[in-house]
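Please read the structure below before turning to the comments.
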């Protein structure tokens, strides 16, 4: 993958994240112009899911206190609620009865 392709994929993911922050419907935005970087919606969903897992691992990996893990996991869920709704809508993470997105990462579930 070239630098340009990597840059565009990151830009697209950030665009989806920005859209998800204001549209909590769980609908995955899609533009035909994204096809060269994500072959289809499933590829974009896979990338969003991988990004979520990496964020959880990166931000929770060094924490040792169970309370710190819970607080950080809660902050991550709140700040990424729109993306988590997209992932839940497509069966990649679960939503409890109250609608609060659950983490996809077993690390964050601690």
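The values are calculated or read from the model by the stated rules, or taken from the named source; none is laboratory data. For clarity, every value in this text was computed on a predicted model and none was experimentally measured. All Cβ positions, glycine included, derive from the backbone under ideal geometry; neighbour counts span all protein chains shown.
Structure summary
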{"item": "Residue under evaluation residue 21, criteria (1) exposed (fewer than 14 other Cβ atoms within 10 Å of the Cβ); (2) in contact with a helix residue (DSSP H, G or I) (Cβ under 8 Å, 6 or more places away or on another chain); (3) not in a helix (DSSP H, G or I), criterion not met", "result": "(3)"}
{"item": "Of all residues making up the range 67-108, the number that are at pLDDT below 90, surrounded by 15 or more Cβ atoms within 10 Å (Cβ to Cβ) and outside any helix (DSSP H, G or I)", "result": "10"}
{"item": "The range 24-38, residues that are in a helix (DSSP H, G or I) and surrounded by fewer than 16 Cβ atoms within 10 Å (Cβ to Cβ)", "result": "32, 33"}
{"item": "Subset tally (residues that are at pLDDT below 85, assigned to a helix (DSSP H, G or I) and surrounded by fewer than 16 Cβ atoms within 10 Å (Cβ to Cβ)) for the range 39-66", "result": "1"}
{"item": "Qualifying positions in the range 31-55 - without any contact (Cβ under 8 Å) to a residue 24 or more places away in the chain and under 18 Å from residue 91 (Cα atoms)", "result": "40, 41, 42, 43, 46, 50"}
